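Colleague: My questions will all concern the structure given below.
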Amino acid sequence: MSTFDMATLIAELSRDEGRKLKPYVDTVGKTSIGVGRNLSDVGISDAECDAMLENDVTRTVAWLDRNLSWWRNLDAVRQRVIINMAFNMGGGLLTFVNTLAAMQRGDYAAAASGMLASKWATQVGARAQRLAQMMRTGAAA
């Protein structure tokens, strides 16, 4: 009994199914992605979810490095807060001019107050409360 060549099979499936990096609706109406992954019926595994999340966090950290180079001077808890906010808001984080300035100068009470006084806080509710508490205290919430 012979073993199939995985690399060749992947190349054939990629050719035959197509390779789409954004969700699409297939010929039978199923939301799909990649090389024929039926998201409607199959979804993704926990491991795939974790891999995508790690990639997204890495992309968010790189964005912070490009746009707010000072963020790495924050302690680890407050770094997690700003990553969490950037992950959630993307470039919208840059509209938090006064809050970011307070973070940068170490005025964490003012930063937390600014976070809670925002439209974002009303949109995300308990998340904003937790993150503001972490910003204020430097302790995990």
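Colleague: In square nanometres, what is the average projected area of the Cα convex hull of the stretch 62-124?
Modeller: Details: hull surface 15.4 nm².
It is 3.8 nm².
Colleague: Okay, moving on. Given the options THR99, THR58, THR31, state which has the largest fluctuation in a GNM of the chain using a 10 Å cut-off (strictly under) for Cα springs.
Modeller: Highest fluctuation of the listed residues: THR31.
Colleague: With unit charges on the beta carbon (Lys/Arg positive, Asp/Glu negative), name the residue among ALA111, VAL57, LEU68 whose Cα is farthest towards the positive pole of the charge dipole of the stretch 46-137.
Modeller: ALA111
Colleague: Hey, another quick one. Nothing charged except the Cβ atoms of Lys and Arg (+1) and of Asp and Glu (-1): what's the magnitude of the dipole of the chain about its Cα centre? Round to the nearest 20 debye. Mind dumping the intermediate values first?
Modeller: Numbers: 16 positive and 14 negative charges, 166 e Å.
So the dipole magnitude of the chain works out to roughly 800 debye.
Colleague: Relative to the first principal axis of the alpha-carbon coordinates of the chain, what is the inclination of helix 46-67, with its axis defined by its Cα atoms, in degrees from 0 to 90 and to the nearest 10?
Modeller: The angle comes out at about 50 degrees.
Colleague: Under a 10 Å cutoff between Cα atoms, tell me which one of GLY114, GLY34, GLY106 has the largest fluctuation in the Gaussian network model of the chain.
Modeller: Top of the fluctuation ranking is GLY34.
Colleague: Taking every pair of alpha-carbon atoms in the chain, what share in percent sits in each 10 Å bin, from 0 to the bin with the longest distance?
Modeller: 10, 30, 23, 17, 13, 5, 1
Colleague: Right, something else. Only Cα pairs under 8 Å and at least 6 apart count here; give the relative contact order of the chain as a rounded whole percent.
Modeller: Working: 118 pairs, mean separation 18.9, N = 141.
With pairs under 8 Å counted, the relative contact order is 13 percent.
Colleague: Right, next: Determine the sum of side-chain charges near GLY138: Lys and Arg each +1, Asp and Glu each -1, restricted to other residues whose C-beta is under 14 angstrom from that of GLY138. List each step's numbers first, then the result.
Modeller: On the way: positive: ARG78, ARG80, ARG130, ARG136; negative: ASP75, ASP107.
Taking every Cβ under 14 Å from that of GLY138, the sum is +2.
Colleague: What does the charge count around GLN79 come to, taking other residues whose C-beta lies under 12 Å from its C-beta (Lys +1, Arg +1, Asp -1, Glu -1)?
Modeller: Numbers: positive: ARG72, ARG78, ARG80; negative: ASP65, ASP75.
Spelling it out: positives minus negatives among the neighbours equals +1.
Colleague: Angle check, please: helix 126-137 long axis (alpha carbons) against the longest principal axis of the chain (alpha carbons), in degrees 0 to 90, nearest 10.
Modeller: Once rounded, the angle reads 50 degrees.
Colleague: Also, I was wondering about something else. Highest first, please rank the peptides 44-54, 61-71 by the mean number of other Cβ atoms sitting within 10 Å of their residues. Spell out each step's value before the answer.
Modeller: Numbers: 44-54: 10.5, 61-71: 13.8.
Descending packing order for the listed peptides: 61-71, 44-54.
Colleague: What order do you get for 79-90, 14-25 when each peptide is scored by the mean count of other beta carbon atoms within 10 Å, highest first? Could you put the intermediate results ahead of the total?
Modeller: On the way: 79-90: 18.6, 14-25: 11.0.
Packing order, densest peptide first, comes out as 79-90, 14-25.
Colleague: Additional query: Considering the options ILE44, LEU100, PHE87, tell which one lies farthest towards the positive end of the dipole of the chain, charges being +1 on Lys and Arg and -1 on Asp and Glu at the Cβ, about the Cα centre.
Modeller: Of ILE44, LEU100, PHE87, it is LEU100.
Where a number appears in this text, it was derived from the coordinates with a stated rule and is not lab data. Note that the structure is predicted; figures quoted are calculated from it, not measured. We place every Cβ from the backbone using ideal geometry, glycine too, and count neighbours over all the protein chains shown.
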